[in-house]
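Structure first, commentary second.
The values are calculated or read from the model by the stated rules, or taken from the named source; none is laboratory data. Everything numeric here is computed off the predicted structure, so don't read it as measured data. Cβ placement follows ideal geometry from the backbone for every residue including glycine, while neighbour counts extend to all protein chains displayed. Heads up: the accessible areas ignore ligands, DNA and RNA and are worked out on the full protein's heavy atoms, side chains in. Shrake-Rupley method; radii C 1.70, N 1.55, O 1.52, S 1.80 Å.
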Amino acid sequence: MHFAPYARSRPLRIGLAGLGSIGIQVARLLDAGIPGLELAAVAAGDQERARARLAGLANPPPVGDLAMLGECDVVVEMLPSRLFVDIARPTLARGATLIVASVGALLSNMELIDLARASGGRILVPSGAILGLDAIKAACESQVASIRIDTRKSPASLAGAPHIVANAIDIHAIIAPTVIFTGTADEAAIAFPANTNVAAALALAGLGPARTDVRVIADPAVDRNIHTITVEADSARFTATIEIVPNAENPRSGQLTPRSIVACLRDLVSPIRICS
Ligand SMILES: NC(=O)C1=CN([C@@H]2O[C@H](COP(=O)(O)OP(=O)(O)OC[C@H]3O[C@@H](n4cnc5c(N)ncnc54)[C@H](OP(=O)(O)O)[C@@H]3O)[C@@H](O)[C@H]2O)C=CC1
Ligand SMILES: O=C([O-])CC(=O)C(=O)O
């Protein structure tokens, strides 16, 4: 359900950092009109291309570099992970709200949490391409023995990852489901920065990066990004699987993540919030 927002003197000004496969969908969903939210500015690498992509919107926002987002109330980070800090640090330093897509990059920059604490800024991690974070948070109010995630993807969507390159894995030669990585969430974030944001979100919701087990499986038979989480706790035991339709533009990302960002934005102005 969607609910009418709080009455405010003006809408929340939303800035988008990155207009790739996730950013363009968030821009379109915001442009369709969400009460209480205004798409105020977009930062992109190729700004001419970004303007062309936004030209069909009812209200195309101004496009510029990351500095353009300095007046926004909320900045949504949807950049390549190597650029995460470039927008996260200034946004949090001025006490604004940062919504994070590149969650794996947050694991290597945990000092940003101290920065947010000092400035009054907030870091929000949407559920992105995963499910069950609500139940994991609840389970962590009891004793949790283990949390694991299995990520199963097509070889094409794993190609070029640092782990594949460093270990000279011939990913396109894989013809049967193959476990190509086993480790913890912090190791996964370095090995597969574009594929294990979900593991990072799971780690932050649950036991932390060093106690979250990750397996990455290359499976030539799948046409979706499939994540299965398994939790063993005093209060509950659960297994949950999600199968995400990959984005045509960038198969590493799926079609649910932009929607989870928009749901997170709606929550910011809603008088009722279903905690997740
Ligand atoms: N939390 C989750 O569950 C998920 C998270 N992700 C993560 O979300 C992030 C975004 O994913 P996705 O949209 O697919 O990535 P894309 O590679 O499709 O898009 C990245 C965007 O960043 C832009 N960009 C590059 N340099 C700059 C710059 N200096 N200033 C402003 N913009 C810049 C690019 O613009 P240009 O092309 O013009 O250079 C591009 O539009 C990634 O880190 C990805 O790993 C992905 C899926 C799920
Ligand atoms: O499945 C997806 O859409 C993306 C993914 O694995 C991740 O970034 O963790």
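Could you please find all residues in region 229-271 being within 18 Å of the chain's Cα centre (by Cα) and more than 18 Å from Lys153 (Cα to Cα)?
Selection gives Pro258, Arg259, Ser260, Ile261, Val262, Ala263, Cys264, Leu265, Arg266, Asp267, Leu268.
List the strands (runs of 3 or more DSSP E) that sit entirely inside region 1-77 and contain at least 3 residues that are under 17 Å from Asp267 (Cα atoms) and open to solvent by 10 Å² or more (accessible area, probe 1.4 Å).
The qualifying strands (runs of 3 or more DSSP E) are 37-43.
Counting just the residues of region 102-127 that are assigned to a helix (DSSP H, G or I) and open to solvent by less than 40 Å² (accessible area, probe 1.4 Å), which one comes out farthest from Phe84 (Cα to Cα)?
Ala116
Checking the conditions here, which among Ala218, Ala191, Ala161, Ala168 is more than 19 Å from Lys137 (Cβ to Cβ), touching a Leu at 6+ places or on another chain (Cβ under 7 Å) and at pLDDT 95 or above?
The conditions single out Ala218.
Take Arg224 and tell me if it is in the same structural domain as Ile164 (by the TED database), within 21 Å of Ala135 (Cα to Cα) and either open to solvent by 20 Å² or more (accessible area, probe 1.4 Å) or near ligand 1 (Cβ under 10 Å from one of its atoms) (or both).
no
If Arg148 passes every condition in (1) open to solvent by less than 10 Å² (accessible area, probe 1.4 Å); (2) modelled with pLDDT of 95 or more; (3) not hydrophobic (A, V, I, L, M, F, W, C) but one, which one does it miss?
Evaluating Arg148 over (1) open to solvent by less than 10 Å² (accessible area, probe 1.4 Å); (2) modelled with pLDDT of 95 or more; (3) not hydrophobic (A, V, I, L, M, F, W, C) leaves (1) as the failure.
Filter region 128-142 for residues that are within 16 Å of ligand 2 (Cβ to nearest atom) and open to solvent by 50 Å² or more (accessible area, probe 1.4 Å) and give the result.
Leu131 - this is the single residue of region 128-142 that is within 16 Å of ligand 2 (Cβ to nearest atom) and open to solvent by 50 Å² or more (accessible area, probe 1.4 Å).
Considering region 250-264 alone, what residues qualify as being surrounded by 24 or more Cβ atoms within 10 Å (Cβ to Cβ) and more than 10 Å from ligand 2 (Cβ to nearest atom)?
Across region 250-264, the qualifying residues are Pro258, Ile261.
Looking only at region 253-264, decide whether some residue is of a type outside the set (Asp, Glu), more than 14 Å from ligand 1 (Cβ to nearest atom), out of contact with any helix residue (DSSP H, G or I) (no Cβ under 7 Å at 6 or more places or on another chain) and outside any loop (DSSP other than H, G, I, E, B).
no
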